[in-house]
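Chemist: Have a look at this one before I ask anything.
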């Protein structure tokens, strides 16, 4: 069984209107949320062998907030993941080597949400609280954890079993 982790970048800043979208950094809330997600991933033992990350500043800063790793994964920044749609995201995943057991893909909406919903399929979205929350949206900093049977190149609709759907808000302590 393989593991696919889909992480949407944490909340980014809109403070500098002159910055290109690709160059927007994380804001303070985003940095806190990424730290929250780092702790949750460690507690659940979610450690990727390979990280595919959009080359946008906010995705790279989200990745930095997850470091250091106990076992350093191979990290591949990819221009093709910037604002990628479903076919582009699947193409990136289809190219993963068969020896890789766990992949973390850090990207953007709406493509990331569409990918997660597609992988879960209608049955996965209706089965359990995680699926219902995933169906509602994929907020900044959210993580979907899928178990995947079969090779990466066969990844397609309904081929993932949703294990967890975590959002920074769901992990924050109640007031």
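Chemist: Using a ≥ b ≥ c from the Cα gyration tensor of region 34-175 (square roots of the eigenvalues), is it rounded, prolate or oblate, where a/c under 1.5 gives rounded and otherwise the larger of a/b and b/c decides, a/b for prolate?
Modeler: rounded
Chemist: Right, something else. Just to be sure I understand the model, the point goes 7 Å from the Cα along the line to the Cβ. What's the resulting residue 154 to residue 75 distance in nm?
Modeler: Simple spin-label model gives 3.3 nm for this pair.
Chemist: Based on the Cβ-Cβ distance of residue 91 and residue 28, what FRET efficiency does E = 1/(1 + (r/R0)^6) give at R0 = 45 Å, to the nearest 0.05? Numbers along the way, then the final one.
Modeler: Working: r = 35 Å, r/R0 = 0.77.
Efficiency computed from Cβ-Cβ geometry: 0.85.
Chemist: Next up: Shape of region 1-109 from its Cα gyration tensor (a ≥ b ≥ c, root eigenvalues): rounded if a/c is under 1.5, otherwise prolate when a/b > b/c, or oblate? Please report the intermediate quantities before stating the final value.
Modeler: Numbers: a/c = 2.32, a/b = 1.28, b/c = 1.81.
It comes out oblate by the Cα gyration axes.
Chemist: Also, quick follow-up: Give me the distance in nm between label points sitting 7 Å out from Cα along the Cα-to-Cβ direction at residue 15 and residue 38, one decimal.
Modeler: Once both label points are built, they end up 2.0 nm from each other.
Chemist: May I pose another question? Just how many % of Cα pairs in region 72-121 lie over 18 Å apart, if you round to the nearest whole percent?
Modeler: Values: 350 of 1225 pairs.
In whole percent, the share of Cα-Cα pairs in region 72-121 beyond 18 Å is 29.
Chemist: Relative contact order for the chain: what percent, with Cα pairs under 8 Å and sequence separation of 6 or more?
Modeler: Details: 348 pairs, mean separation 53.7, N = 175.
Over the chain, the number comes to 31 percent.
Chemist: A follow-up question, please. Mind checking the full-extension length gain between residue 147 and residue 132? Use 0.36 nm per residue of separation minus the Cα-Cα distance, one decimal, nm. List each step's numbers first, then the result.
Modeler: Numbers: separation 15, 0.36 × 15 = 5.40 nm, distance 1.74 nm.
Separation in residues times 0.36 nm, less the Cα-Cα distance, equals 3.7 nm.
Read-outs throughout are calculated quantities, based only on the coordinates presented, and are distinct from any laboratory measurement. The shown structure was predicted, so the numbers you read here are calculated from the model rather than taken from an experiment. Cβ: placed from backbone, ideal geometry, glycine included. Neighbour counts: every protein chain shown.
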